[in-house]
């Protein structure tokens with residue numbers, strides 16, 4: 001509770017505590033016999049996953065099924081979907097896909113045109129779904145949805161097996177370095193729940209996952225329409241002993257490695273109260289983007305390479321001994337040094353990031369105006385903003401065949417390419433395969449200010465993680 | 001040390017990160033404060049994000065003139081408690097100036113008129129970013145909203161032309177006259193908000209707890225029987241044990257029959273509820289795409 005926590009040696013209570021007394025009772029009742037255990041619910045983990053699939057793969061139906069079977073759909077939402085199903089198809093069958101099609105244009109055209117975020121929870125976890133459309137022209141949306149995901153669910157229609165689009169989705173999962181990939185072989189009901197069909201798809205897919213160096217790939221035979229192996233185990237697949245999709249999502253590790261990375265704190269904001277009470281307070285606020293920081297740690301500020309020591313880590317009105325990824329904290333240092341937004345605080349004893357103005361990256365182009373080789377763009381990298389010039393386009397990736405294209409260097413919307421840029425201020429970066437925050441950047445058009453490119457930094461052309 | 005962050009801590013961290021981005025990227029942000037639980041949580045998050053410095057932007061309240069009196073007194077207390085500044089935009093004034101025209105009839109609401117006053121207030125003070133407490137789980141048009149939602153010079157939202165948002169990189173660059181709506185608690189659900197209120201011991205307006213009130217029913221929704229809400233002769237006033245699940249303008253806030261008198265009770269009630277919180281909002285029932293249309297026009 002806010003009122004009990006000290007901010008620093010001055011031990012000043014936050015004024016928020018003044019009115020807290022009447023609510024003390026509620027706090028104590030929080031472990032009451034709630035049907036879902038309100039007390040236990042306060043410390044769930046959060047898992048973010050993305051789904052990709054085309055119009056006919058049953059992706060919307062799968063999400064509708066997860067929401068429906070996990071009882072995350074309320075009566076008024078279901079009623080609205082029932083009404084809409086009847087109006088569109090003329091029959092009484094509920095179209096679960098309508099639960100996720102949000103905008104009017106989508107309902108009219110029966111397609112998904114943008115990334116939509118969905119939420120549901122089970123007693124074990126809370127989930128955020130980035131639901132992305134799968135057609136070729138929406139690569140940019142898949143990249144957007146995948147950028148924050150811990151798990152990618154790739155849907156394959158059991159009747160069609162692996163098609164170009166499956167490769168495209170898998171490539172994006174690999175490019176965005178999603179730690180877990182779940183291949184959901186859907187519409188198993190339409191192939192008589194055949195183990196042979198399922199096994200054949202696994203064998204074929206393993207060749208792709210090997211080429212793409214996908215990390216943790218898991219296969220599940222499902223029928224989203226009927227619910228087989230989605231929430232409950234199916235009686236139609238006695239040959240399958242693995243978990244259902246939901247069981248898997250409840251147990252896959254959440255970002256397990258981030259705290260083992262070298263510590264990184266991109267400085268977002270300098271907190272200076274200028275008040276009598278906190279006259280000398282100077283704190284560097286930011287979200288920890290790798291590793292852990294402790295009071296007493298020796299740190300280096302980049303790019304200046306100034307060194308100091310952490311004397312306090314504040315989180316809101318509390319002070320902590322240690323903080324980790326992805327906490328938003330405010331760090332105070334032993335010395336009064338010049339630090340501003342865009343600087344990066346790292347631990348002196350750990351591997352340092354690269355500080356360089358020449359940066360090599362894989363870029364996904366997001367805008368209808370093609371990339372301008374030799375052109376200038378605004379760069380946003382962690383909390384830093386600078387400008388950059390596109391030095392060279394090395395090759396484009398044909399994400400359907402997974403081959404490189406070197407004779408056409410015109411990078412258009414939804415293209416993925418390997419490029420080199422030179423920045424005005426040097427960037428302080430890690431490779432994307434090492435750190436998703438300090439290894440990613442966006443390109444912004446200088447005139448329209450639109451976000452036009454998403455970049456993943458590679459150390460050099462030979463970076464293993466990106467060579468196909 | 002256990003390096004697992006709970007879902008509430010992770011959501012809090014994400015929201016604080018966004019609040020700090022707004023303070024860093026914009027010249028003149030403002031926090032839209034409605035008096036509802038979501039904007040109360042936002043106010044506390046803003047307090048934490050910059051503590052021990054003062055919140056570096058004012059709160060803006062668009063007062064429809066049809067607010068519950070409890071909302072206004074709570075607002076005034078909270079602002080004092082957090083040391084925040086408050087600016088009030090008045091729909092009443094917009095009507096008096098002829099900028100907005102009062103709807104007529106029994107289902108008249110000032111909900112739609114708020115948009116005029118909101119845009120006028122943002123313009124008057126030259127705010128370039130308006131922080132709102134909207135959540136993506138509230139309504140299907142909101143599921144596609146960005147954290148940083150770009151608005152053209154007419155304050156409108158174009159759902160087909162949103163800026164892609166990748167990782168945790170937010171692009172708040174804009175042309176003269178344009179502004180942003182920013183939604184730091186986009187990823188919170190109704191349950192997350194209540195759990196956070198419980199965890200952080202945040203006091204709430206009494207309207208959220210059960211109380212006896214004169215009410216009447218219209219189209220299956222229970223409304224407060226107050227002078228701001230004209231009734232048909234057939235609409236009978238009764239005294240019932242109710243509470244608000246969301247708080248807005250009197251004319252569009254549906255009440256829930258409830259005996260919940262603590263946050264823990266409310267969490268239990270929501271956990272077993274089969275209707276969404278917006279199920280009681282008259283403004284969403286006008287058409288299937290009601291929210292999408294209001295957002296395009298510049299609504300919160």
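Bear in mind that the values in this text are calculations on the coordinates, not laboratory data. Please read all numbers here as calculations on a predicted model, not as lab measurements. All Cβ positions, glycine included, derive from the backbone under ideal geometry; neighbour counts span all protein chains shown.
Strictly greater than 20 Å: what percent of every Cα pair in the stretch A:319-468 meets that?
52 percent
Mind giving me the FRET efficiency for residue A:355 and residue B:125? R0 is 35 Å, r the Cβ-Cβ distance, nearest 0.05 is fine.
Given R0 = 35 Å and the Cβ-Cβ separation, E is 0.30.
For A:389, A:129, A:162, what's the fewest-to-most ordering of other Cβ within 10 Å of each Cβ?
The fewest-first ordering by Cβ neighbours comes to A:389, A:162, A:129.
Quick check: pseudo-label points 7 Å beyond the Cα along Cα→Cβ at residue A:306 and residue B:219, how many nm apart are they?
Result for the modelled spin labels: 6.1 nm.
Could you identify which residue out of B:263, B:169, B:221 has the top mean-square fluctuation in a GNM of chain B using Cα springs shorter than 10 Å?
For chain B, modelled as a Gaussian network with Cα springs under 10 Å, the answer is B:169.
With contacts defined as alpha carbon pairs under 8 Å and 6 or more residues apart, what's the relative contact order of chain B in percent?
About 19 percent, as a whole number.
Using 0.36 nm per residue, how much length does the chain from residue A:226 to residue A:447 gain when fully extended, once their Cα-Cα distance is taken away?
Value of the extension gain: 74.6 nm.
Report the antiparallel proportion of the DSSP beta bridges in the stretch A:107-258 as a percent, rounded to a multiple of 5.
So the antiparallel bridges amount to about 35 percent of the total.
Please identify, among B:230, B:184, B:205, the residue showing maximal mean-square fluctuation in a Gaussian network model of chain B using a 10 angstrom Cα cutoff.
The residue that fluctuates most here is B:230.
What order do you get for A:276-289, A:197-210, A:430-443, B:20-33 when each peptide is scored by the mean count of other beta carbon atoms within 10 Å, highest first?
Ranking, from highest mean packing down: A:430-443, B:20-33, A:276-289, A:197-210.
Based on the Cβ-Cβ distance from residue B:93 to residue B:240, what FRET efficiency comes out when R0 is 35 Å, to the nearest 0.05?
0.55
Out of all DSSP beta bridges with both ends in chain B, state the antiparallel percent to the nearest 5.
If I count the DSSP bridges inside chain B, around 60 percent turn out antiparallel.
Sort B:69-79, B:38-48 by packing, meaning the average of other beta carbons within 10 Å per residue, with the highest value first.
In decreasing order of mean packing, B:69-79, B:38-48 become B:38-48, B:69-79.
Using the Cα atoms as the points, what is the convex hull volume per residue of the stretch A:252-406 in Å³?
Hull volume over Cα atoms, normalised by residue count, gives 178 Å³.
Ordered by packing density, taken as the mean number of other Cβ atoms within 10 Å over each peptide's residues, highest first, how do A:323-331, B:56-64, A:399-407 rank?
A:323-331, B:56-64, A:399-407
Within 10 Å of each residue's Cβ, count the other Cβ atoms and sort B:174, A:305 from fewest upward.
Least to most surrounded, the residues fall as A:305, B:174.
Give me the one-decimal nm value for the distance between modelled label points at residue A:394 and residue A:373, 7 Å along each residue's Cα-to-Cβ direction.
1.4 nm
Find, to one decimal place in angstroms, the Kirkwood hydrodynamic radius of chain B, where the mean of 1/r is taken over every pair of different Cα atoms and then inverted.
Evaluated over chain B, this radius sits at 19.9 Å.
Can you pull the mean other chain C-beta count within 10 Å for peptide A:316-328?
4
For peptide B:8-21, compute the average count of partner chain beta-carbon atoms within 10 Å of each residue's beta-carbon.
For peptide B:8-21, the averaged partner shielding equals 6.
Which FRET efficiency value, to the nearest 0.05, do you get for residue A:207 and residue A:250 by plugging their Cβ-Cβ distance into 1/(1 + (r/R0)^6) with R0 = 22 Å?
0.15
Let me know the shape class of the stretch B:205-284, please: from the alpha-carbon gyration tensor, a ≥ b ≥ c as square roots of the eigenvalues, rounded when a/c is under 1.5, otherwise prolate if a/b is greater than b/c, or oblate.
Cα axes put the stretch B:205-284 in the prolate bin.
Relative contact order of the stretch A:140-289, please, whole-number percent, based on alpha carbon pairs below 8 angstrom and at least 6 residues apart.
17 percent
Do you know the relative contact order of the stretch A:259-347, to the nearest whole percent, from alpha carbon pairs under 8 angstrom that are 6+ apart?
Reported as a whole number, the value is 37 percent.
Using the basic label-point model (7 angstrom from Cα toward the beta carbon), what is the residue A:218 to residue B:176 distance in nanometres?
5.6 nm
Taking every residue in A:360-368, how many Cβ atoms of other protein chains lie within 10 Å of its Cβ, on average?
For peptide A:360-368, the averaged partner shielding equals 1.
Using the 10 angstrom Cβ neighbour count as an exposure proxy, how do A:63, A:211 rank, fewest first?
Lowest count first: A:211, A:63.
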